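The values are calculated or read from the model by the stated rules, or taken from the named source; none is laboratory data. Quantities reported herein were computed from a predicted structural model and do not represent experimental measurements. Cβ atoms come from the backbone with ideal geometry, glycine included; neighbour counts cover every protein chain shown. For the accessible areas, the whole protein counts, side chains as well, though only heavy atoms, and no ligand, DNA or RNA atoms are used. Shrake-Rupley method; radii C 1.70, N 1.55, O 1.52, S 1.80 Å.
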Amino acid sequence: MSALRVEHRLFAAELMAAQPCRGYRIWLRYSDNAEGWLDLRQLAARAEFAGWREPGAFTRMRITPAGHLAWPGGIALASAALYSALAANQDLEKLFPWPNGVAPAYRS
């Protein structure tokens, strides 16, 4: 098989639904029927997520065409990392270890 035809899919479950809740919590459901709540309070305390602290901003999340969660102001979280946190009940700080607390640029 040609190297150009090989598709590498490290993550196959698609984010199907997301619902924000008070206290920076979100409920997620994936195409493989994995679902549950994640607590994002640790991320909300970081400078790059300051936009969430504006009234009503956290509830304006959406699923992007690429399947990530995004909020106004360029805040986005990768679906695969959220899935990993949900599946392993991991600390999100370990999944988003940005150097100097600066998130990579995101364009929706």
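When Asp32 is tested against the conditions (1) touching an Asp or Glu at 6+ places or on another chain (Cβ under 9 Å); (2) open to solvent by 10 Å² or more (accessible area, probe 1.4 Å); (3) modelled with pLDDT of 90 or more; (4) not hydrophobic (A, V, I, L, M, F, W, C), the lone failure is (3). One residue stands out among those in region 1-20 that are at pLDDT 90 or above, in contact with a helix residue (DSSP H, G or I) (Cβ under 9 Å, 6 or more places away or on another chain) and among the hydrophobic types (A, V, I, L, M, F, W, C): the one that is most open to solvent (accessible area, probe 1.4 Å), which is Ala18.
Here is a check on your reading of the model: is Ala81 more than 17 Å from Cys21 (Cβ to Cβ), modelled with pLDDT of 90 or more and open to solvent by less than 50 Å² (accessible area, probe 1.4 Å)?
Working: more than 17 Å from Cys21 (Cβ to Cβ): yes; modelled with pLDDT of 90 or more: no; open to solvent by less than 50 Å² (accessible area, probe 1.4 Å): yes.
No.
Reported count of residues in region 43-62, each being open to solvent by 60 Å² or more (accessible area, probe 1.4 Å) and either under 15 Å from Ala18 (Cβ atoms) or assigned to a loop (DSSP other than H, G, I, E, B) (or both), is 6.
I need a count of the residues in region 55-86 that are within 25 Å of Ala12 (Cα to Cα), of a type in the set (Ser, Thr, Tyr) and in contact (Cβ under 8 Å) with a residue 24 or more places away in the chain. Break it down into steps so the answer makes sense when it comes.
Residues of region 55-86 that are within 25 Å of Ala12 (Cα to Cα), as a first pass: 61-71, 74-86.
From what is left, the residues that are of a type in the set (Ser, Thr, Tyr) are 64, 79, 83-84.
Add one more test, that the residue is in contact (Cβ under 8 Å) with a residue 24 or more places away in the chain, and what stays is 64, 79, 83.
Going through region 55-86 one residue at a time, the tally reaches 3.
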